[in-house]
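Report on one structure; see the data block that follows.
The values are calculated or read from the model by the stated rules, or taken from the named source; none is laboratory data. This one's a predicted model, so the numbers in the text were calculated from it and none came from an experiment. Positions of Cβ are backbone-derived with ideal geometry, glycine not excepted, and every protein chain shown enters the neighbour counts.
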Amino acid sequence: MSETLDLRVEADSRLALAALGALRELRPGRELRLITREDPTLLLESLNLQLRDALRWDLGASGGHWEACVRLAEDAAPRDVLDTLRRDHRRLDELLAKALRRLNAGDVAGARPLLETFAAGLRRHARAENELLAPALGPRPAVEPLEIMLREHDELLVQLDAVEVCFAEAPAGQTPEAWEIEPFVAILSGTLAKHEYREESQLFPLWLAALLRRPQGEGESLHRAVRALLQG
């Protein structure tokens, strides 16, 4: 299903705000057709950065205006291994956010399967980056972003262990109280958000440069290996 947003009537100062509002409402399986007076490439790239690379688009010029057909990235195949990792970041974020909402509502039983799925996914994600991406792509000599990633992975897994201990130490047949678990999950959520931002903004550009220097076949092989590990 497609919707149209004609931005030719908007003042230049309002273009970004109007487009961002519509793009935030974009849902899977839907498409937004943006019509602009000028080439919207820079506008779309800026908005996509704000939306954590969640968008894909096709662009063309016709009849004195530009048209961009924009859809969610999840409706298209991942472009490369970094696109796959970004998508997995968002999946993990959504799982943890849903679990935290359940805990805030006192629903420990509803939060538990979400946390278990999140825990398995986080461990697979860390393994993919630590054991596949880091050895293959470095970076060297700019090692600081890589060292930060590895250290923060360890911190995240320690925080995850604290959440799991809450369940493991509950008396047999009993469920821990939401107030016992919620602070640990909230801390984990904050740590994860900061980690993902640093990783995507500081390390992923270095990994992209390393991928572009490699033969295409090597990048595709690495991508397949990462996908297989993430899927479990």
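Annotation: of all residues in segment 78-112 being more than 21 Å from residue 183 (Cα to Cα) and not in a helix (DSSP H, G or I), the one that is modelled with the lowest pLDDT is 79.
Listed conditions (1) at pLDDT below 95; (2) in a helix (DSSP H, G or I); (3) surrounded by 14 or more Cβ atoms within 10 Å (Cβ to Cβ) are all met by residue 21, apart from (3). Can residue 55 be described as of a type in the set (A, V, I, L, M), at pLDDT 90 or above and over 24 Å from residue 88 (Cα atoms)? No; evaluated as a whole, the condition is false for this residue. Consider residue 115 carefully, then state whether it is modelled with pLDDT of 95 or more and either surrounded by 18 or more Cβ atoms within 10 Å (Cβ to Cβ) or outside any helix (DSSP H, G or I) (or both). So residue 115 fits the description; yes. Being at pLDDT below 95 and either over 21 Å from residue 218 (Cβ atoms) or surrounded by 18 or more Cβ atoms within 10 Å (Cβ to Cβ) (or both) holds for only one residue in 155, 74, and it is 74.
Quick one: count up the residues across segment 25-58 that are charged (D, E, K, R) and closer than 19 Å to residue 83 by Cα.
Going through segment 25-58 one residue at a time, the tally reaches 6.
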